[in-house]
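Beneath this line is the structure, given in structure tokens, with notes to follow.
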Amino acid sequence: MLVSAKEMLTKAKAGHYAVGQFNINNLEWTKSILLTAQELKSPVILGVSEGAGKYMTGYKTVAAMVKAMVEELNITVPVALHLDHGSYEGAKACIEAGFSSIMFDGSHYPIDENIAKTKELVAICEEKGLSIEAEVGSIGGEEDGVIGKGECADPDECKAVADLGVTMLAAGIGNIHGKYPDNWEGLSFETLDAIQAKTGDMPLVLHGGTGIPEDMIKKAISLGVAKINVNTECQLSFADATRKYIEAGKDLEGKGFDPRKLLAPGAEAIKATVKEKMELFGSVGKA
């Protein structure tokens, strides 16, 4: 059974640890993350980008797969299925498809429009018992070879969005999607501290969890971050393990690769990555 992320994140903020959101792209990724969460007795959030949702043939397929997998694998830890960086239309589609949590990323809109659209989605989620994440201040990243620094959110705008009743808030504090450049200036803890002062008990979200030094992760958690997103690190570990398997030439006597064996090393690599992150975030044993 899928659950809203509200309870797990409220507990995380109060307990000064963070719940990991790990993005899924196929059955193998999903299985690896769920089994690791169960083994470590950690709550977990499965993130689905709109692109990944399309790749897996649609949100209804994703929701059905995850719900069935939770049942078949006897997963008893809290699991939330969450739309990551969703559009307004995508958020509504995931609500209808059976997701238990959504993110509406209105950070690219003027703040008044971000607030208006977020407010409407909050009302729908409250009625259906779903959790909702909003964003203020864009998260940096790479586009056409150009790496953005990442915009720091305005604490007053964060308060205005938090006051709408969202479950959690993603605020830009200099964090970046993908790999961090060598000249990255680090997280703005001054901004994060100011945002927490304005938003109180609201669980805060740190996107771009791959590549942030451990000491920064721990400090961010101490300043109110209760959810940390990890995607790129899983992609890299999966790809590296698969590449090594292929380069080793472990085929079936020249008959070609067995897809189940081909994907197994990558799946094991994701387990190791998820375990490492859950231990760092402090969520082990918190289910």
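Residues that are among the charged types (D, E, K, R), at least 2 per element: which strands (runs of 3 or more DSSP E) completely within the stretch 40-118 meet that?
Details: elements: 44-49, 79-84, 101-104.
Hits in the stretch 40-118: none.
Here is a list: Ala97, Ala91, Ala63. Which entry is in contact with a helix residue (DSSP H, G or I) (Cβ under 9 Å, 6 or more places away or on another chain), small (Gly, Ala, Ser) and buried (at least 22 other Cβ atoms within 10 Å of the Cβ)? Please lay out each step first, then the result.
On the way: Ala97 fails: buried (at least 22 other Cβ atoms within 10 Å of the Cβ); Ala63 fails: buried (at least 22 other Cβ atoms within 10 Å of the Cβ).
The match here is Ala91.
Can you tell me which residue within the stretch 131-149, out of those that are assigned to a loop (DSSP other than H, G, I, E, B) and within 30 Å of Pro78 (Cβ to Cβ), is modelled with the lowest pLDDT? Reasoning before the result, please.
We begin by selecting, within the stretch 131-149, every residue assigned to a loop (DSSP other than H, G, I, E, B); these are 137-139, 141, 144-145, 148-149.
From what is left, the residues that are within 30 Å of Pro78 (Cβ to Cβ) are 137-139, 141.
Details: Gly137: 75, Ser138: 62, Ile139: 61, Gly141: 57.
Result: Gly141.
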Query raised in the report: If only one of Thr232, Thr242, Thr273, Thr210 is among the hydroxyl-bearing types (Ser, Thr, Tyr) and at pLDDT 95 or above, which one is it?
Result: Thr273
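Every residue in the stretch 1-39 that is in a helix (DSSP H, G or I) and among the aliphatic types (A, V, I, L, M), please. Don't jump to the end; show me each part of the working.
Step one: list which residues in the stretch 1-39 are in a helix (DSSP H, G or I), which gives 6-15, 27-39.
Within the stretch 1-39, Met8, Leu9, Ala12, Ala14, Leu27, Ile33, Leu34, Leu35, Ala37 meet the criteria.
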**Report entry** the stretch 167-215, residues that are in contact with a Phe, Trp or Tyr (Cβ under 9 Å, 6 or more places away or on another chain) and within 14 Å of Ala18 (Cβ to Cβ)
**Finding:** Gly208, Gly209, Ile212
Report summary line: If we keep only residues of the stretch 38-60 that are under 22 Å from Lys6 (Cβ atoms), of a type in the set (Ser, Thr, Tyr) and more than 14 Å from the chain's Cα centre (by Cα), then the residue surrounded by the fewest Cβ atoms within 10 Å (Cβ to Cβ) is Tyr59
Report task. Look through Lys244, Lys227, Lys219, Lys198 and report the one residue that is basic (Lys, Arg) and under 17 Å from the mean Cα position of the chain (by Cα). Result -> Lys227
Query raised in the report: Would it be correct to say that Lys6 is buried (at least 19 other Cβ atoms within 10 Å of the Cβ) and among the charged types (D, E, K, R)?
Result: yes
Requested in this report: Might you let me know whether the stretch 164-181 holds any residue that is at pLDDT 85 or above, in contact with an Asp or Glu (Cβ under 6 Å, 6 or more places away or on another chain) and within 18 Å of Phe281 (Cα to Cα)?
Outcome: yes
Report task. Test each condition in (1) farther than 25 Å from Glu135 by Cβ; (2) part of a helix (DSSP H, G or I) for Val284 and report the one that comes out false. Result -> (2)
Query raised in the report: Do we find that Ser107 is touching a residue at least 60 places away in the same chain (Cβ under 8 Å), polar (S, T, N, Q) and under 19 Å from Gly165 (Cα atoms) in this structure?
Result: yes
**Report entry** Restricting the stretch 69-88 to residues that are under 19 Å from Leu34 (Cα atoms) and of a type outside the set (A, V, I, L, M, F, W, C), the residue that is surrounded by the fewest Cβ atoms within 10 Å (Cβ to Cβ)
**Finding:** Asn74
Requested in this report: Name the single residue, out of those in the stretch 100-124 being under 21 Å from Gly51 (Cβ atoms) and either at pLDDT below 95 or out of contact with any strand residue (DSSP E or B) (no Cβ under 8 Å at 6 or more places or on another chain) (or both), that is surrounded by the fewest Cβ atoms within 10 Å (Cβ to Cβ).
Outcome: His108
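The values are calculated or read from the model by the stated rules, or taken from the named source; none is laboratory data. From a predicted model like this one, the values you see are computed outputs, not experimental measurements. Neighbour counts run over all protein chains shown; Cβ positions are idealised from the backbone, glycine included.
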